[in-house]
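S.K.: Pasting a structure here, questions to come.
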Amino acid sequence: MGKKMRFGCLVKDHVAEVRERDLPEVGPEEVLVKRLANNICTTDYQQWMGLREHQGYPMAGGHEGSGIVEAVGSNVTTIKVGDLVGVMDYGCGKCEDCRSGNQSLCTKKDPKATTADGYYGGMFGFGDYNVSPADRLFVMNPKLDPSEAGFLEPLATVCKGMEKLRIQPMETVVVIGAGTMGLLNAQAAKAKGARVIVSELMEKKLETAKAMGFEVIDGGKCDAVQAVKDLTDGVGVDCVIVAVGATVANDQALQMIKKTDGRILLFAAGYPVPEIHVDSNVLHYRRIELIGTFGADFCNFAESAKMLNTGAVDVSKLVEPKKFTLDQIQDAFAAASEPGMYRVSVLLDK
């Protein structure tokens, strides 16, 4: 290995390039990782599509990856050479919030900052090598496909939402949207002991949800709200997880929950910004909870790693069969932006 790393980045809307930069030295608390795979998340491909211009260019993002440890710093004892690891890229690791485990509340890390060589994001997730602090890495089951191990971060955000939603065994939950994040939420809710119903419009996603064993509502062929009522003997559900950023989904959620004490988790953002139409008196008298969630903390990453490593959550159906090499990253972004796609994975060691 030389002293350079190759990485993919976004240079403007609809343009991804492969560039080269100096590979940082491995510090005493750091680990050198040979990256194997990185998946393209919604944030990534929406910027490629020109829908998130506020994020800045050139963007060296990518945060759903895994790799093999090639070297460890002199003070690292928790990770060894040869480990398959997933990456947590949250927080500065030094402020009070980070030290207390609340990395998603980090007060020091500036999302608008650039690296010394001028890149936004600073994660370089689509790089063939990277140097990471050891305390941001989680050892993954070596039996996992590297693309599947890359689900550590997205599943961690789901675990954060589950923590806030407080799902209890035997509750009934509707997940609106059977995309990648919807089905991650559905599997996590099922792992918590809930009955899970998935509502979706696209045939491909309906079939995937069925293959995973969920009760499925085809919202394109029936009234999804009435279907939920029919499946719950007119009662409605305890919780709705809105996993698509759409006004109609937000409004459906309000109609799907039970009469009192229903909970709605607004998991997904949307561009353009979706609305939610609700009378504040309705929230008051029906004791409805509208819950927002974003990001994840250390404990959520730990739970995510456990779920993936034990098979409690199986993401094998959430990776598209066709994978791309780093040199094909432009084609990879184009594929990821097509409607109905699950995670498109970029293989970094090819």
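S.K.: Kindly indicate which of M170, M202, M212, M123 is under 19 Å from A253 (Cα atoms) and either of a type in the set (V, I, T) or open to solvent by 10 Å² or more (accessible area, probe 1.4 Å) (or both). Spell out the reasoning first.
M.R.: On the way: M170 fails: under 19 Å from A253 (Cα atoms); M212 fails: under 19 Å from A253 (Cα atoms); M123 fails: under 19 Å from A253 (Cα atoms).
Among M170, M202, M212, M123, only M202 is under 19 Å from A253 (Cα atoms) and either of a type in the set (V, I, T) or open to solvent by 10 Å² or more (accessible area, probe 1.4 Å) (or both).
S.K.: Can you go through V235, V244, V225 and tell me which one is under 19 Å from Y285 (Cα atoms) and among the β-branched types (V, I, T)?
M.R.: Values: V244 fails: under 19 Å from Y285 (Cα atoms); V225 fails: under 19 Å from Y285 (Cα atoms).
Among V235, V244, V225, only V235 is under 19 Å from Y285 (Cα atoms) and among the β-branched types (V, I, T).
S.K.: Let me ask something else about it. Inside the stretch 8-20, can you point out the residues that are within 15 Å of M123 (Cα to Cα) and either surrounded by 14 or more Cβ atoms within 10 Å (Cβ to Cβ) or free of Cβ contacts under 8 Å to residues at least 12 places away in the same chain (or both)?
M.R.: G8, C9, L10, V18, R19
S.K.: In contact (Cβ under 8 Å) with a residue 40 or more places away in the chain, part of a helix (DSSP H, G or I), of a type in the set (A, V, I, L, M, F, W, C) and crowded, with 18+ Cβ neighbours inside 10 Å: is that true of A188 in this structure? Explain how you work it out, then say what you get.
M.R.: Working: in contact (Cβ under 8 Å) with a residue 40 or more places away in the chain: yes; part of a helix (DSSP H, G or I): yes; of a type in the set (A, V, I, L, M, F, W, C): yes; crowded, with 18+ Cβ neighbours inside 10 Å: yes.
Yes, satisfied.
S.K.: Continuing with this model, one more query. Out of L308, L290, report the one residue that is of a type in the set (A, V, I, L, M), in a helix (DSSP H, G or I) and touching a helix residue (DSSP H, G or I) at 6+ places or on another chain (Cβ under 8 Å).
M.R.: Details: L290 fails: in a helix (DSSP H, G or I).
Selected residue: L308, the only one of L308, L290 that is of a type in the set (A, V, I, L, M), in a helix (DSSP H, G or I) and touching a helix residue (DSSP H, G or I) at 6+ places or on another chain (Cβ under 8 Å).
S.K.: Moving on to the next point. Being under 15 Å from F138 (Cα atoms) and surrounded by 15 or more Cβ atoms within 10 Å (Cβ to Cβ) narrows it down to one of M5, M88, so name that one. Spell out the reasoning first.
M.R.: Details: M5 fails: under 15 Å from F138 (Cα atoms).
Going through M5, M88 in turn, the sole match is M88.
S.K.: Given the conditions (1) touching a strand residue (DSSP E or B) at 6+ places or on another chain (Cβ under 9 Å); (2) open to solvent by less than 40 Å² (accessible area, probe 1.4 Å), which single one is not true for I276?
M.R.: The failed condition is (2).
S.K.: Separate question: Name the pairs whose Cβ atoms lie under 7 Å apart, with the first residue in the stretch 39-53 and under 23 Å from A149 (Cα atoms), the second among the polar types (S, T, N, Q) and assigned to a strand (DSSP E or B), and 6 or more positions between them or separate chains?
M.R.: These pairs meet every condition: N39/S345.
S.K.: Go through the residues of the stretch 282-294 one by one and say whether even a single one is under 26 Å from E163 (Cβ atoms), modelled with pLDDT under 95 and of a type outside the set (S, T, Y).
M.R.: There is at least one residue in the stretch 282-294 that is under 26 Å from E163 (Cβ atoms), modelled with pLDDT under 95 and of a type outside the set (S, T, Y).
S.K.: Only residues that are in contact (Cβ under 8 Å) with a residue 12 or more places away in the chain, of a type in the set (S, T, Y) and part of a loop (DSSP other than H, G, I, E, B): list them for the stretch 76-124, please.
M.R.: T78, Y90, T107, T115, Y119
S.K.: Which of (1) modelled with pLDDT under 95; (2) touching a helix residue (DSSP H, G or I) at 6+ places or on another chain (Cβ under 9 Å); (3) over 22 Å from S345 (Cα atoms); (4) open to solvent by less than 40 Å² (accessible area, probe 1.4 Å) does L23 not meet, given it meets every other one?
M.R.: Failing condition for L23: (2).
S.K.: Moving on. Just checking, which of L165, L137, L144 is within 23 Å of L347 (Cα to Cα), surrounded by 24 or more Cβ atoms within 10 Å (Cβ to Cβ) and under 19 Å from the mean Cα position of the chain (by Cα)? Break it down stepwise before answering.
M.R.: Numbers: L165 fails: within 23 Å of L347 (Cα to Cα); L144 fails: surrounded by 24 or more Cβ atoms within 10 Å (Cβ to Cβ).
It is L137.
S.K.: Check I291, I329, I241 and return the single one that is among the β-branched types (V, I, T) and under 19 Å from R52 (Cβ atoms).
M.R.: Being among the β-branched types (V, I, T) and under 19 Å from R52 (Cβ atoms) holds for just one of I291, I329, I241, which is I329.
S.K.: Of the residues S74, S66, which is of a type in the set (S, T, N, Q) and under 20 Å from K350 (Cα atoms)?
M.R.: Working: S74 fails: under 20 Å from K350 (Cα atoms).
Step by step, each of S74, S66 is checked, and only S66 is of a type in the set (S, T, N, Q) and under 20 Å from K350 (Cα atoms).
S.K.: Quick check, is I68 without any contact (Cβ under 8 Å) to a residue 40 or more places away in the chain and of a type in the set (A, V, I, L, M, F, W, C)?
M.R.: Numbers: without any contact (Cβ under 8 Å) to a residue 40 or more places away in the chain: yes; of a type in the set (A, V, I, L, M, F, W, C): yes.
Against the criterion (without any contact (Cβ under 8 Å) to a residue 40 or more places away in the chain and of a type in the set (A, V, I, L, M, F, W, C)), I68 qualifies.
S.K.: On to the next question. Given the conditions (1) modelled with pLDDT of 95 or more; (2) open to solvent by 50 Å² or more (accessible area, probe 1.4 Å); (3) in a loop (DSSP other than H, G, I, E, B), which single one is not true for V313?
M.R.: Checking V313 against (1) modelled with pLDDT of 95 or more; (2) open to solvent by 50 Å² or more (accessible area, probe 1.4 Å); (3) in a loop (DSSP other than H, G, I, E, B), the one that fails is (2).
S.K.: Is it the case that some residue within the stretch 229-251 is within 30 Å of P339 (Cβ to Cβ), among the basic types (K, R) and either open to solvent by 30 Å² or more (accessible area, probe 1.4 Å) or in contact with a Pro (Cβ under 8 Å, 6 or more places away or on another chain) (or both)?
M.R.: yes
The values are calculated or read from the model by the stated rules, or taken from the named source; none is laboratory data. This is a predicted model, so every value here is computed, not measured. For neighbour counting, all protein chains shown are included, and Cβ atoms are generated from backbone atoms with ideal geometry for every residue, glycine included. We work out accessible area using only protein heavy atoms, side chains counted, and drop any ligands, DNA or RNA first. Shrake-Rupley method; radii C 1.70, N 1.55, O 1.52, S 1.80 Å.
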